[in-house]
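Structure incoming, see below.
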Amino acid sequence: MVNNKKGNLWLLISLWVACIIMSTVVYVALYDKTHDYFIAIISTVGIAVFACACVWQIFSQLENMVPKSERERIKAEKLAEEARKKQLAEVQSHEVTRPEPQQPQIVVQNTIVNQHEIINEVNTEVVNNVVNDITNNNVNMVEAISVAHAAAQANAEAQAPTDVNVESPTINVTLPEVKVEPPVVNVEVPQPTSAAPFADISDVDTTIGGESYLDTIAAHEQARKKRESDKVNAIMAYLKVAMPPFMPKDQVERLCQEVLEWIKDPEYFPTEGVHVYREFSTLDARHLICNISERLGKNYIGHNRSQFIKALFAETCQQLEEPAIYKNIKERPLEGHIKYDKPDEGSIAFHYELLEQSI
């Protein structure tokens with residue numbers, strides 16, 4: 001189909017070119033004979049328009065033409081569709097006229113069965129089960145009476161005479177009137193037990209005295225202050241043991257004071273750094289402040305501790321920027337004079353054996 005359209009398009013272009021050439025020839029011929037420019041132009045335009053209209057009409061017919069193979073395919077599809085419809089109509093008519101199968105006739109044979117013995121055994125078993133259930137407190141009194149009444153009625157129906165017609169499937173049953181008295185059963189009803197074991201407890205004091213309440217608050221506050229005091233004292237003791245090998249006495253005291261101010265305020269930064277010996281490196285400075293901040297809580301885990309290291313040890317860390325200190329604060333934890341000391345779970349104690357290895 002694509003090649004056919006391309007061929008038609010080239011044919012259209014060729015015809016238009018032919019029209020242009022023909023119009024040019026007509027114009028030259030008319031102008032040569034009449035020597036009138038206006039008449040030649042009008043005649044040439046009319047002939048050109050007519051020729052173009054004819055070309056377009058031819059092209060439209062070519063576009064709408066269906067190839068012979070396509071016409072044969074459409075005709076074959078129509079024939080197949082008609083054959084399919086005809087076959088479907090024949091099948092439906094055959095199903096409508098098909099006779100319905102005859103139902104087999106049911107023949108009831110009069111079989112001699114000792115129904116009374118079977119029903120009596122079933123009734124005896126049902127009554128025994130009901131009595132056992134009542135004895136074990138599995139059913140209530142009303143259910144027992146209902147089941148016994150149903151059993152007696154079934155027994156009466158079994159003993160009733162029946163008229164059976166062999167030639168007809170219809171069975172006529174005549175039921176005699178039976179009076180059934182419900183059996184009397186003694187049922188022990190369990191006594192309800194108390195669901196609340198503490199229902200009888202009395203004389204419970206639910207009041208809170210003013211003095212005891214304030215004493216409890218004071219005890220909690222005193223315990224909190226003691227925990228904070230123990231934590232600060234442990235940090236100061238650690239500094240007094242870890243730092244003397246790396247700075248003079250006055251600098252150790254100043255270092256302890258700056259760390260104490262930082263403990264009071266996480267945003268505190270010293271205005272002037274402390275002086276240390278050359279043996280104290282940037283790795284030691286990072287490990288030292290990291291060991292302290294690990295025991296102070298979440299307010300001291302962040303950029304504030306890297307900024308505090310940069311300000312406190314200004315000479316040692318002058319070549320480092322604060323982001324680098326923050327990123328590498330736990331770098332090489334087992335190297336340097338001051339090792340990284342992670343506290344044990346639930347404890348703030350320092351591992352002084354790490355310091356002994358560095359001295």
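I want the local charge near residue 250. Using Cβ-Cβ distances under 15 Å, sum +1 for each Lys or Arg and -1 for each Asp or Glu among the other residues.
Result for the neighbourhood of residue 250: 0.
Here is a follow-up. When a/c reaches 1.5 or more, the comparison of a/b and b/c decides; with that in mind, is the stretch 220-359 rounded, prolate or oblate per its Cα gyration tensor?
Numbers: a/c = 1.41, a/b = 1.30, b/c = 1.09.
Taking the square roots of the gyration eigenvalues as a ≥ b ≥ c, the stretch 220-359 is rounded.
Quote to one decimal, in nm, the extra length available between residue 38 and residue 58 on full extension: 0.36 nm per residue of separation minus the C-alpha distance between them.
Length gained, residue 38 through residue 58: 4.2 nm.
Go through 207, 316 and list them by solvent-accessible area, largest first, probe radius 1.4 Å.
On the way: 207 105, 316 35 Å².
Largest accessible area first, the residues go 207, 316.
Still on this structure, please answer the following. Can you bin the stretch 216-263 into rounded, prolate or oblate? Criterion: square roots of the alpha carbon gyration tensor eigenvalues sorted a ≥ b ≥ c, rounded for a/c under 1.5, prolate for a/b above b/c, oblate for the rest.
It comes out prolate by the Cα gyration axes.
Continuing with the same structure: Taking a ≥ b ≥ c as the square roots of the Cα gyration tensor eigenvalues, with a/c under 1.5 meaning rounded and otherwise prolate when a/b beats b/c, else oblate, which class fits the stretch 277-322?
oblate
OK, next. If I take every Cα pair under 8 Å that is 6 or more residues apart in the stretch 304-358, average their sequence separation and divide by the length, what percent do I get for the relative contact order?
In percent, rounded to a whole number, it is 25.
Just subtract the alpha-carbon distance of residue 208 and residue 89 from 0.36 nm times their residue separation and send over the number in nm, one decimal.
Details: separation 119, 0.36 × 119 = 42.84 nm, distance 9.61 nm.
That pair, residue 208 and residue 89, stretches by 33.2 nm at full extension.
May I ask you to compute the full-extension gain from residue 24 to residue 303, defined as 0.36 nm times their residue separation minus their alpha-carbon distance, rounded to one decimal in nm?
Between residue 24 and residue 303, full extension yields an extra 91.4 nm.
Given points 7 Å out from each Cα along the Cα-Cβ axis, report the residue 221 to residue 201 separation in nanometres with one decimal.
About 3.3 nm, to one decimal.
The values are calculated or read from the model by the stated rules, or taken from the named source; none is laboratory data. Since we're looking at a predicted model, the values are computed, not measured. Positions of Cβ are generated from backbone atoms using ideal geometry, with glycine treated the same way; all protein chains shown enter the neighbour counts. Protein only, heavy atoms only, side chains kept; ligands, DNA and RNA dropped before computing areas. Shrake-Rupley method; radii C 1.70, N 1.55, O 1.52, S 1.80 Å.
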